[in-house]
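**Q** If you scroll down you'll find the structure; I have some questions about it.
No value in this document is a laboratory result; all are computed from the given coordinates. All values reported here derive from a predicted model rather than from experimental measurement. All Cβ positions, glycine included, derive from the backbone under ideal geometry; neighbour counts span all protein chains shown.
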There are 2 protein chains.
Amino acid sequence: MTERLATQFAFLAEVEKLKSVTRATPIHDASRPENSAEHSWTLALYALVLADQAAPGVDVLRAVRMLLIHDIVEIDVGDVPIHLANGTAHGSAEIQAAELAAAKRIFGILPKDMADEFQALWEEFEANETPTAIYAKSLDRTQPVLLNEQAGGGSWVDYDVQWEELETRVGTKIARGLPGVWDWVQARIRPWFDARGR
Amino acid sequence: MTERLATQFAFLAEVEKLKSVTRATPIHDASRPENSAEHSWTLALYALVLADQAAPGVDVLRAVRMLLIHDIVEIDVGDVPIHLANGTAHGSAEIQAAELAAAKRIFGILPKDMADEFQALWEEFEANETPTAIYAKSLDRTQPVLLNEQAGGGSWVDYDVQWEELETRVGTKIARGLPGVWDWVQARIRPWFDARGR
């Protein structure tokens, strides 16, 4: 049991590093970039708070677990902003391969049974096919949008994002799992783009 | 439904502010203080990873939910370090009253049914009586200890903490819910104190 505990704590020490991975989105008051650890916390809360928006078949607590671990691969790969390189960098084959290797390395620190469980959760999230993964992925697209709006523009300014680009890269992903949420978010943020002729 | 969504998103925007509440513990590389949002993320992971250490009767996913929201009151009250004022500040009646008012204000932003649910979760955590709350509280005491050790001393240096003080203020709380974990953690960190004659 002591050896098992040692590997569990080795994993928990390793994932502390996610606090040093910064994202394109600033925090609420635009004072600094958000990091991927605190982003993951926010998403787990999103999953709890928006549970009544989830489609039939969604396992909300499985989505919470998924969202808690979904960005751990960024310890090795870093965060790839969704609007970087006109939206072509995020999800490229190269990044996907690097993230898979990172998942195997980092989850592999855990005892075998837990490593398999976390790996399966992460792969389900990435595949984005089960109702639970689609719910989690839609939340992962929703929070940065509202945080950008709260911070006064955030990465929309940095990457000079146009409304149509946001709709394609982000809106369609939100609407897939959470159509009612996208309607609400759209009405909320559209004025920001309209006011800037974007 | 739109009005309900608006209150849910108002709550999610409010809790973004937890990212600006700093703690006494530094992050892994001692480059900056940890904040309470990323701390909460780490604890939710602790609850998942150390599930096989939980006593009978612990609901691990309830502990995860508890840990995700346990520090939200700090948006109004701030973090009260465990070693501040020789350990007398943390948990004082004054702080407890302020935290209760904060819980009512912040959870009260949510629709009534969710506000009640989050308030009950938070009160269960604070009361520290159910197996699930005791498990969650023990994890909340464990992570800062290991993070201090990872960062080279952290708040033990800042507050000149002696081994006996750590044992009283922290060790007994860890051991209450996780005796095996405290045995392991103790063996791990004791050399740090011994080497400094603390």
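**Q** Distances from B:G152 to the same position in the other copies: list them in nm, one decimal, shortest first, using label points 7 Å from Cα along Cα→Cβ.
**A** Once sorted, the set of distances for B:G152 reads 3.5 nm.
**Q** If each residue's Cβ is checked for other Cβ atoms within 10 Å, how do A:K112, A:K104, A:K173 rank with the fewest at the top?
**A** On the way: A:K112 9, A:K104 13, A:K173 19.
Going from least to most buried by this count: A:K112, A:K104, A:K173.
**Q** Assume the label is 7 Å from Cα along Cα to beta carbon: what separations in nm does A:N86 have to the matching positions in the other copies?
**A** Between copies, matching label points for A:N86 lie 6.8 nm apart.
**Q** Quick check: Cα centre of region B:1-36 to Cα centre of region A:149-198, how many Å?
**A** Computed from Cα coordinates, the inter-centre distance equals 22 Å.
**Q** So for the pair B:A51, B:Q186, with labels modelled 7 Å out along Cα→Cβ, what separation do we get in nm?
**A** Result: 2.8 nm between the two label points.
**Q** Which pairs break 20 Å Cα to Cα here: B:K17/B:K104; A:K137/B:K104; A:K17/B:K19; A:K19/B:K17? All intermediate terms of the calculation are to be shown ahead of the outcome.
**A** On the way: B:K17/B:K104 16 Å; A:K137/B:K104 31 Å; A:K17/B:K19 16 Å; A:K19/B:K17 16 Å.
Listed pairs above 20 Å: A:K137/B:K104.
**Q** Additional query: Given the -39500 (n - 2.57) contribution per DSSP H run of 4+ residues, what per-residue ellipticity at 222 nm results for chain B, rounded to the nearest 500 deg cm²/dmol? Intermediate results must be reported in sequence, preceding the final value.
**A** Numbers: 11 runs with 124 residues, N = 198.
Calculated mean residue ellipticity at 222 nm is -19000 deg cm²/dmol.
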